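Here is the structure we will look at, set down as structure tokens.
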Amino acid sequence: MSFLRWQSGFTLVEVLIALVIVSVALLACMRALALATQGNHDMRVRSLALLAAENRLSELRLLRAFPVAGRRSEPCPQGNLALVCEHVFQNTVNSNFRQVTIRVRQGDGPVLAELNGLLSPLP
């Protein structure tokens, strides 16, 4: 009579291979989550930059501002972001209108939002 019995179960090699596969899958999930988080942050910053540009253009229109052609920059913070709005004023064919381009940056970084519009001193 033999006392040796076949035991069912996994070998150590099979368990290690399964752990490696699960680890790779978890790392892929963590990378995807990190990319989604970064994308969400970038979208939030761009949305706030566009909101700052829209606010600035509305403010210029409400003030009936009609600045001379040229370029100027001023801070336009939005939320907890220190944004800078660059205004470019250009003459148009019609002397009653002035074209304005507002570009919003965070410091000296790339342009986050750009908005074009027309200004007029007419009511």
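So Leu60 ticks every box in (1) out of contact with any Cys (no Cβ under 8 Å at 6 or more places or on another chain); (2) open to solvent by 60 Å² or more (accessible area, probe 1.4 Å) but one. Which box is left unticked?
Unmet condition: (2).
Quick check on my filter: what residues within the stretch 63-73 are assigned to a loop (DSSP other than H, G, I, E, B) and open to solvent by 70 Å² or more (accessible area, probe 1.4 Å)? Explain how you work it out, then say what you get.
Taking the stretch 63-73 as the starting set, the residues that turn out to be assigned to a loop (DSSP other than H, G, I, E, B) are 63-69.
Leu63, Arg64, Val68, listed by residue number.
Taking the stretch 17-57 as the region of interest, how many residues are of a type in the set (Lys, Arg) and open to solvent by less than 90 Å² (accessible area, probe 1.4 Å)? Lay out the reasoning, then the answer.
So the first thing to find is which residues in the stretch 17-57 are of a type in the set (Lys, Arg), and the list is 31, 44, 46, 56.
Next, from what is left, pick out any that are open to solvent by less than 90 Å² (accessible area, probe 1.4 Å): 56.
Selection size over the stretch 17-57: 1.
Inspect all residues belonging to the stretch 92-101 and state whether any of them is of a type in the set (Lys, Arg) and under 14 Å from the mean Cα position of the chain (by Cα).
If we filter the stretch 92-101 for residues that are of a type in the set (Lys, Arg), which is where we start, we get 98.
The next check asks that each one be under 14 Å from the mean Cα position of the chain (by Cα); those that pass are none.
Checking the stretch 92-101: not a single residue is of a type in the set (Lys, Arg) and under 14 Å from the mean Cα position of the chain (by Cα).
Name every residue in the stretch 75-123 that is surrounded by 13 or more Cβ atoms within 10 Å (Cβ to Cβ), touching a helix residue (DSSP H, G or I) at 6+ places or on another chain (Cβ under 6 Å) and not in a strand (DSSP E or B), in order of residue number.
If the condition is that a residue be surrounded by 13 or more Cβ atoms within 10 Å (Cβ to Cβ), touching a helix residue (DSSP H, G or I) at 6+ places or on another chain (Cβ under 6 Å) and not in a strand (DSSP E or B), then Cys76 is the only one that fits.
What pairs can you find where one residue is in the stretch 67-85 and at negative phi, the other is among the basic types (Lys, Arg) and at pLDDT 90 or above, and their Cβ atoms are less than 6 Å apart, with a gap of 6+ or different chains?
Cys76/Arg56; Val84/Arg105; Cys85/Arg56
The values are calculated or read from the model by the stated rules, or taken from the named source; none is laboratory data. Treat the numbers as computed from the prediction; the structure is a model and nothing was measured. For neighbour counting, all protein chains shown are included, and Cβ atoms are generated from backbone atoms with ideal geometry for every residue, glycine included. Side chains are part of the model used for accessible areas, which takes the heavy atoms of the whole protein and leaves out ligands, DNA and RNA. Shrake-Rupley method; radii C 1.70, N 1.55, O 1.52, S 1.80 Å.
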